[in-house]
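Below you'll find the structure, written out as structure tokens, and then a few comments.
The values are calculated or read from the model by the stated rules, or taken from the named source; none is laboratory data. In this text, all values refer to a predicted model and were calculated from it rather than measured experimentally. So basically every Cβ, Gly included, is an ideal-geometry build from the backbone, and we count neighbours across all protein chains shown. The protein model used for the area step is the full one, side chains on, heavy atoms only, and it has no ligands, DNA or RNA in it. Shrake-Rupley method; radii C 1.70, N 1.55, O 1.52, S 1.80 Å.
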Amino acid sequence: MKLFHPYLYLLISLSITSISVSKYAKTGCNDTCGNNVTIPYPFGIGADCSVNPWYIVDCNSSRPYLSALNHLEILRVDLHNQTIIVSTPRISDCQNPVEKTSQLMSIDLDRTPFLFCSYHNRFVFDGCGNAVMMENGSALTGCSTSCLSENVTEINNYCFGFSCCQTTVPHFLKLYSINIAGLGRDGGCAYAFLLDEDSYLKQTFSVQSVAANNAYVPMSLMWTFPHNATLSCCRGASDHMNMELDTGNGTFVESQKCSRHIGYKGNPYLYDGCEGIIASSYSCF
């Protein structure tokens, strides 16, 4: 006699990861430059592979560069945050005599679809004295340092105010300047810059390296599309949203964004760019 089992069927489908290769570039276009940098659409390597000329990427010596924006080197493209992390020149000043104030300008993003990203960057000052970020003559943010010891600049790559300080940025920017003052030592050098927050928090970038031998820092730019631009988000696996990015004084920049649904991978900015990665079911009878 067979014993009755309360469960006639038990079906468990575990998470299955697709073995196919995700699509990030347009058909017929390369999606990598070198070994480590993925170049997803709307960016593209070559004129026929990007959404418009602003997003054209040049791949030279296995390094990607944003050709229309001062040929800045691309370190990473973040589809989720709609940001591109680029290597930008530091803003520096080596002054003698001391106590002299100087003003230095950032690169100009006016008339471009890019913005200095407020919530993915930190404003960092390395030196003795203070630095203030300015926009159209008005102070936006800044910080001051205490130089108790020439040997103390940062602790575990974080800036706590001893020869190095950091603060947040209030809103998106197209152009800014930095005032550096009161270095407090003859021939002293100071460095001020926007630093990609992820690089700062994960300590993948050392502030000390700027003063030592690194003239470039990773910075996060937001890319934008006006509301009247046509976007083809991936079918059935992506949300499309309109955004207004605060640029201060009651002004906003329009943008659009495609974002993947949970359980999908790939590029939400391509109509056929997303694929499912998880299929799970549990049935009990």
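Can you find a residue that is open to solvent by 70 Å² or more (accessible area, probe 1.4 Å), over 20 Å from residue 254 (Cβ atoms) and modelled with pLDDT under 90 anywhere in the stretch 106-119?
No, because not a single residue in the stretch 106-119 is open to solvent by 70 Å² or more (accessible area, probe 1.4 Å), over 20 Å from residue 254 (Cβ atoms) and modelled with pLDDT under 90.
If a residue has to be free of Cβ contacts under 8 Å to residues at least 40 places away in the same chain and more than 14 Å from residue 40 (Cα to Cα) to count, how many in the stretch 261-279 make the cut?
Looking only at that region, the number is 4.
Matching residues to (1) open to solvent by 50 Å² or more (accessible area, probe 1.4 Å); (2) in contact with a strand residue (DSSP E or B) (Cβ under 9 Å, 6 or more places away or on another chain); (3) modelled with pLDDT under 90:
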{"residue": "243", "(1), (2), (3)": "no, yes, no"}
{"residue": "246", "(1), (2), (3)": "yes, yes, no"}
{"residue": "258", "(1), (2), (3)": "no, yes, no"}
{"residue": "262", "(1), (2), (3)": "yes, no, yes"}
{"residue": "266", "(1), (2), (3)": "no, yes, no"}
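I'd like the residue in the stretch 61-85 that is open to solvent by less than 20 Å² (accessible area, probe 1.4 Å) and outside any loop (DSSP other than H, G, I, E, B) and, out of all such residues, is farthest from residue 116 (Cα to Cα).
Per the criteria, the residue is 64.
Please work out if residue 138 is among the small types (Gly, Ala, Ser) and either surrounded by fewer than 17 Cβ atoms within 10 Å (Cβ to Cβ) or at pLDDT 85 or above (or both).
So residue 138 passes the test.
Keeping to the stretch 184-235, report how many residues are modelled with pLDDT under 65, surrounded by 22 or more Cβ atoms within 10 Å (Cβ to Cβ) and not in a helix (DSSP H, G or I).
The total comes to 0.
Failed condition for residue 58, given (1) surrounded by 18 or more Cβ atoms within 10 Å (Cβ to Cβ); (2) modelled with pLDDT of 95 or more; (3) of a type in the set (D, E, K, R), with all others met?
Evaluating residue 58 over (1) surrounded by 18 or more Cβ atoms within 10 Å (Cβ to Cβ); (2) modelled with pLDDT of 95 or more; (3) of a type in the set (D, E, K, R) leaves (1) as the failure.
For the stretch 109-137, give me the residue count where each residue is touching a strand residue (DSSP E or B) at 6+ places or on another chain (Cβ under 8 Å), of a type outside the set (Phe, Trp, Tyr) and farther than 13 Å from residue 176 by Cβ.
The total comes to 9.
Could you go through the stretch 24-34 and let me know if any residue there is modelled with pLDDT under 90 and surrounded by fewer than 15 Cβ atoms within 10 Å (Cβ to Cβ).
Scanning the stretch 24-34 turns up at least one residue that is modelled with pLDDT under 90 and surrounded by fewer than 15 Cβ atoms within 10 Å (Cβ to Cβ).
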